[in-house]
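Asker: I'd like to ask some things about the structure below.
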Amino acid sequence: MGKAIVITSGKGGVGKTTTSANLGTALALADKKVCLLDLDIGLRNLDVILGLDNRIIYDIVDVVQGRAKLHQALIKDKRFDEKLFLLPAAQNADKSVLKPEEVKDIVDELKPDFDYVLIDCPAGIEQGFINAVAGADAAIVVSTPEISAVRDADRVIGLLEKESLDEPPMLIINRIRTHMMNDGQVMDVDEITRHLSIKLLGIVFDDDQVISTSNKGEPIVLNEKNLAAQGYRNIARRLLGETVPLMNLDSEEKKGLIQRISSWFKKN
Amino acid sequence: MQNVVLKGYKDGYEITLNADADFKAILIDLSKLFAELQLEKEKSEAKSLSFDISTGTRLLDAEQKQEVEKIVSQYPLFSIHRFTSSVMQIQDALEMIENRTVHLNANTIRNGQVENIKGDVLFVGDLHQGGILRASGNVFTFGKNEGIIHAGFPNDAEAIIIGNIHATQQVRIADVVDILEENQIEDSAETVVFVNDLHVLAYTERAKVKMIRPKLFTRMGGY
Ligand SMILES: Nc1ncnc2c1ncn2[C@@H]1O[C@H](COP(=O)(O)OP(=O)(O)OP(=O)(O)O)[C@@H](O)[C@H]1O
Ligand SMILES: [Mg+2]
């Protein structure tokens, strides 16, 4: 029986969809069978990032409303031979067409056939969030180092803790810019993790290539050398139970020790 | 014992309703009593009188209280001060205990969450920005206090807050609010917040509790 994980954030645009696509791909590369569920009804883009947008025939609303069977609506990503699937969101519908029980039924139907069901949650804490959480066993909260994103993450963690998930929510800090963090211009990884007091699943650097590869429909995680990609691969390995040390914050610019210490002093 | 007994005290009158008597019989006797009192009253100078109604080991429900009040309201000079009894509902008793207990609380109160406590709270948890810790009584805190602390909710201006509120967003007591600026309050675990005589929030140190809230101080075992 697979595990359903909702990927959520509260604040919009912090990288939920990017995380869903890359984490899903990384798990598929690790030989796990993964189904991605796009619940951002009306604003779908998981399909675009994966380069599967041309192949959509049916979507989740078609399944719920009986126009298609679940297996008919699943799109297979041919790059990963039977490992990665997507159930797309509907484009011309509203979040309110789905009810939490309906989403839960779909997730429950998928779980026996997959190792992981990753649910891409829309921004906000209303209907779309409630739907996305309904079938989940676990949750990943994505935040950037911005205060507003961290505040929203805190709000969402509070809501998630009230749901009876099987495990406490886990944190991904995305779009880390090392120079800003090292200069103390934004909260650092430790501060954010301590503030939110949940388990840190991993960090992902801010990297222009994330955007350019997304535009081409190729998740960044396929590019082994890229630092953001390594972040996603590490996250997948931790999810699978491996112990992987956190990436070094100055690897981006290969700062010298002296520089590191002096920037550390500047903070205080 | 008679159904209805009138007693005069130095600071007023008390009418005891026999807890073992039939309530209908009580009402009849009560009507008679007030009719007599009215006659007495007419002889002397007109001055209004207020009564405590004591029901002993009987609890009157709202309807029964109304019936008593109806009798008294026929006489403009008479009124009921309050109803008293020597017993209470278990539920009310539990609530009273709850309100007098210091509750230990170690929760994490996140942005958008409100933790409501009846009575006093000894808080050792994490109060995040945007979260509210709200007690009907006093708040004693050793926790991380980055959100909003509200003591004496909704209207007990005697309540106080003790703890480190250096990083706290707001403190509220009863209906009074202070928005705390950065570094407005020193980084000390012994800050005390209270409502002063001008009904404004004031800040002092732990050693002053004895002066500003002597009753609380003795309740806590101080002398
Ligand atoms: N690590 C990163 N480095 C650079 N750009 C990133 C990174 N992560 C995400 N982005 C970019 O940020 C933008 C928003 O990302 P994404 O769509 O994944 O966010 P979202 O949380 O799903 O947004 P929404 O709330 O609208 O669903 C995209 O343009 C994406 O390419
Ligand atoms: Mg998205």
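Asker: Does anyone have the angle between helix A:16-29 and the longest principal axis of chain A? Alpha-carbon axes, 0 to 90°, nearest 10?
Answerer: On a 0 to 90 degree scale, this one is about 80.
Asker: Averaging sequence separations of C-alpha pairs under 8 Å and six or more residues apart, then dividing by the length of the range B:27-98, give the relative contact order as a whole percent.
Answerer: Details: 60 pairs, mean separation 28.6, N = 72.
Relative contact order, the range B:27-98: 40 percent.
Asker: Another question, then. Going highest first, how would you order A:106-115, B:9-18 by mean Cβ packing within 10 Å?
Answerer: Details: A:106-115: 17.7, B:9-18: 14.0.
The peptides rank, most packed first, as A:106-115, B:9-18.
Asker: With viscosity set to 1.567 mPa s at 4 °C, what whole-number translational diffusion coefficient in µm²/s follows for the range A:127-231 from Stokes-Einstein and a Kirkwood radius over Cα pairs?
Answerer: On the way: Rh = 14.9 Å.
After rounding, the answer is 87 µm²/s.
Asker: Can you pull the mean other chain C-beta count within 10 Å for peptide A:190-199? Kindly include the intermediate steps, with their values, before the conclusion.
Answerer: On the way: counts 0, 0, 0, 0, 2, 5, 5, 5, 1, 0.
Mean partner-chain Cβ count within 10 Å for A:190-199: 2.
Asker: Let me ask you something else. Given a Förster distance of 22 Å, report the FRET efficiency between B:Ala202 and B:Tyr223 from their Cβ-Cβ distance, rounded to the nearest 0.05.
Answerer: Numbers: r = 24 Å, r/R0 = 1.10.
Computed FRET efficiency for B:Ala202 and B:Tyr223: 0.35.
Asker: Using the C-alpha gyration tensor of the range A:3-267, what are the square roots of 5 times its eigenvalues, in whole angstrom, with the largest one first?
Answerer: On the way: eigenvalues 202, 80, 48 Å².
Three semi-axes, in Å: 32, 20, 16.
Asker: Per residue of A:152-161, count partner chain C-beta atoms within 10 Å of its C-beta, then hand back the mean as an integer. All intermediate terms of the calculation are to be shown ahead of the outcome.
Answerer: Details: counts 3, 2, 10, 7, 3, 5, 9, 4, 1, 4.
Mean number of neighbouring Cβ atoms from other chains: 5.
Asker: What is the dipole size for the range B:1-42, taken about its Cα centre, with +1 at each Lys and Arg Cβ and -1 at each Asp and Glu Cβ, in debye to the nearest 20?
Answerer: Values: 5 positive and 8 negative charges, 6 e Å.
Dipole magnitude for the range B:1-42 comes out near 20 debye.
Asker: Please build a GNM for chain A, connecting alpha carbons under 10 Å apart, and tell me which residue among A:Asn92, A:Asn45, A:Asn234 fluctuates the most.
Answerer: Top of the fluctuation ranking is A:Asn92.
Asker: Between the chain alone and the structure with every protein chain in place, find the residues of the range B:98-122 that drop at least 20 Å² of accessible area; heavy atoms, 1.4 Å probe.
Answerer: Going by heavy-atom accessible area, the residues of the range B:98-122 that drop by at least 20 Å² are B:Arg110, B:Asn111, B:Gly112, B:Gln113.
Asker: Checking a compactness column here: for the range B:93-219, what do you get for Rg(Cα) / (2.2 N^0.38 Å), N being the number of residues? Show your work: numbers first, answer last.
Answerer: Working: Rg = 13.3 Å, N = 127, 2.2 N^0.38 = 13.9 Å.
Cα-based Rg divided by the globular estimate yields 0.96.
Asker: Enter the Cα centre distance for the pair the range A:70-136 and the range B:114-151, rounded to the nearest angstrom.
Answerer: 39 Å
Asker: Rounded to the nearest 500, what is chain A's calculated 222 nm mean residue ellipticity when only DSSP H runs of at least 4 contribute -39500 (n - 2.57) each, over all residues? Before the final figure, lay out each step's value.
Answerer: On the way: 12 runs with 107 residues, N = 268.
When only DSSP H runs of four or more count, the value is -11000 deg cm²/dmol.
Asker: Over the C-alpha atoms of the protein assembly as shown, what are the Rg and the largest Cα-to-Cα span, Dmax, in Å?
Answerer: For the protein assembly as shown, the Cα radius of gyration and maximum Cα-Cα distance read 32.9, 107 Å.
Asker: Turning to a different aspect of this structure: To the nearest hundred square angstrom, how large is the accessible surface buried between A and B, total for both chains, probe 1.4 angstrom? Intermediate values should be presented prior to the final figure.
Answerer: On the way: alone 12480 and 13520 Å², together 25090 Å².
When A and B are taken together, about 900 Å² of accessible area is lost.
Asker: Can you find, among B:Gln129, A:Leu87, B:Met96, the residue sitting farthest towards the positive end of the charge dipole of the protein assembly as shown, where Lys and Arg contribute +1 and Asp and Glu -1 at Cβ?
Answerer: Most positive-ward Cα: B:Gln129.
Asker: With unit charges on the beta carbons (Lys and Arg positive, Asp and Glu negative) and the dipole taken about the Cα centre of chain A, which residue among A:Gly184, A:Val61, A:Cys35 sits farthest to the positive side?
Answerer: Ranked along the dipole, the leading option is A:Gly184.
Asker: For the protein assembly as shown, what is the charge dipole size about the Cα centre, in debye to the nearest 20, if Lys and Arg each add +1 at the Cβ and Asp and Glu each add -1 at the Cβ? Walk me through the intermediate numbers first.
Answerer: Numbers: 57 positive and 73 negative charges, 126 e Å.
I would put it at about 600 debye.
The values are calculated or read from the model by the stated rules, or taken from the named source; none is laboratory data. Just so it is clear, the structure is predicted and the values come from calculations on it, not from any experiment. A quick note on method: Cβ atoms are made from the backbone with ideal geometry, for glycine too, and the neighbour counts reach across all protein chains shown. Note: areas computed on protein heavy atoms with side chains; ligands, DNA, RNA excluded. Shrake-Rupley method; radii C 1.70, N 1.55, O 1.52, S 1.80 Å.
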